[in-house]
Every structure is written in C-alpha cells, then in structure tokens.
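Written out below as structure tokens is the structure these notes cover.
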Amino acid sequence: NFPIPIIPIETEKLLIEITNKITNDKNCTPVIETLALENEIDIIVFKIYNLTYDEVILIEPDFKLIKEEYDEFIFQ
C-alpha cells in the first residue's frame, strides 16, 4: 500500500498554479528554464509526505538545498 495524503485545497491550488506557470512558460518559450519551479514542486511533495532531509537525500542525491533550508521551507 502506498499512502496518498489528503492535502489542503490551498496546497492543491499552489501546485496547480506552479504547474500551469511551467506549462504556459514552455508553450511560450520552449527552451525556457523551469527547473526552479520544478524543484519547488518536488520540495512541496516531499513536505506533503513529511519526508526528512535524510530521506530526501536518499531519493534525490543531487538535492540542492542544505538541511537548514529544507527544514525552514514553508509553503502555504
């Protein structure tokens, strides 16, 4: 079994907003760099699943944030 968390509507709206921004940016300029936005989505998903920094590093060895930055990351 894989747990599917129930997320607040605000978080869902934020993820939709970021995804739409990436899609719109890519449609307007296919070569535009959207890595920062994609990384933000990754961090939000890690936080939704309450992953620790060490768990994130196991999943994503090239994770760009240091532990303190990850621990302090807040989304609303």
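The values are calculated or read from the model by the stated rules, or taken from the named source; none is laboratory data. As the structure is a computational prediction, the values presented were derived from the model and not from experiment. Heads up, the Cβs are rebuilt from the backbone with ideal geometry, glycines too, and the neighbour counts pull from every protein chain shown. The area values use the complete protein model at the heavy-atom level, side chains included, leaving out ligands, DNA and RNA. Shrake-Rupley method; radii C 1.70, N 1.55, O 1.52, S 1.80 Å.
Does Lys47 satisfy being assigned to a helix (DSSP H, G or I) and at pLDDT 95 or above?
Working: assigned to a helix (DSSP H, G or I): yes; at pLDDT 95 or above: yes.
Judged against the criteria, Lys47 is a match.
Across the stretch 1-16, what is the total count of residues that are in a helix (DSSP H, G or I) and over 15 Å from Ile43 (Cα atoms)? So that I can check it myself, show each step before the final result.
Step one: filter the stretch 1-16 for residues in a helix (DSSP H, G or I), giving 9-16.
Narrowing the set further to residues that are over 15 Å from Ile43 (Cα atoms) leaves 9-10, 13.
Result for the stretch 1-16: 3.
Looking for something at pLDDT 95 or above, over 12 Å from the mean Cα position of the chain (by Cα) and surrounded by 14 or more Cβ atoms within 10 Å (Cβ to Cβ) - is there at least one such residue anywhere in the stretch 22-42?
Taking every residue of the stretch 22-42 in turn, at least one turns out to be at pLDDT 95 or above, over 12 Å from the mean Cα position of the chain (by Cα) and surrounded by 14 or more Cβ atoms within 10 Å (Cβ to Cβ).
It is to be established whether one or more residues within the stretch 32-46 are in contact (Cβ under 8 Å) with a residue 40 or more places away in the chain and aromatic (Phe, Trp, Tyr). Spell out the reasoning first.
First, pick out the residues of the stretch 32-46 that are in contact (Cβ under 8 Å) with a residue 40 or more places away in the chain: none.
No, the stretch 32-46 contains no residue that is in contact (Cβ under 8 Å) with a residue 40 or more places away in the chain and aromatic (Phe, Trp, Tyr).
Test Phe63 against the stated conditions and say whether it is on the phi < 0 side of the Ramachandran plot, touching a Leu at 6+ places or on another chain (Cβ under 9 Å) and assigned to a loop (DSSP other than H, G, I, E, B). Please lay out each step first, then the result.
Numbers: on the phi < 0 side of the Ramachandran plot: yes; touching a Leu at 6+ places or on another chain (Cβ under 9 Å): no; assigned to a loop (DSSP other than H, G, I, E, B): yes.
It is false that Phe63 is on the phi < 0 side of the Ramachandran plot, touching a Leu at 6+ places or on another chain (Cβ under 9 Å) and assigned to a loop (DSSP other than H, G, I, E, B).
Pairs needed: first member in the stretch 1-24, hydroxyl-bearing (Ser, Thr, Tyr); second member anywhere, assigned to a loop (DSSP other than H, G, I, E, B); C-beta distance under 7 Å; at least 6 residues apart or different chains.
Hits for this filter: Thr11/Phe75.
I need the full set of residues from the stretch 10-21 which are open to solvent by less than 90 Å² (accessible area, probe 1.4 Å) and within 17 Å of Ile48 (Cα to Cα), in order please. If you could, list the steps in order and put the result at the bottom.
Narrowing the stretch 10-21 to residues open to solvent by less than 90 Å² (accessible area, probe 1.4 Å): 11-12, 14-16, 18-20.
The answer is Thr11, Glu12, Leu14, Leu15, Ile16, Ile18, Thr19.
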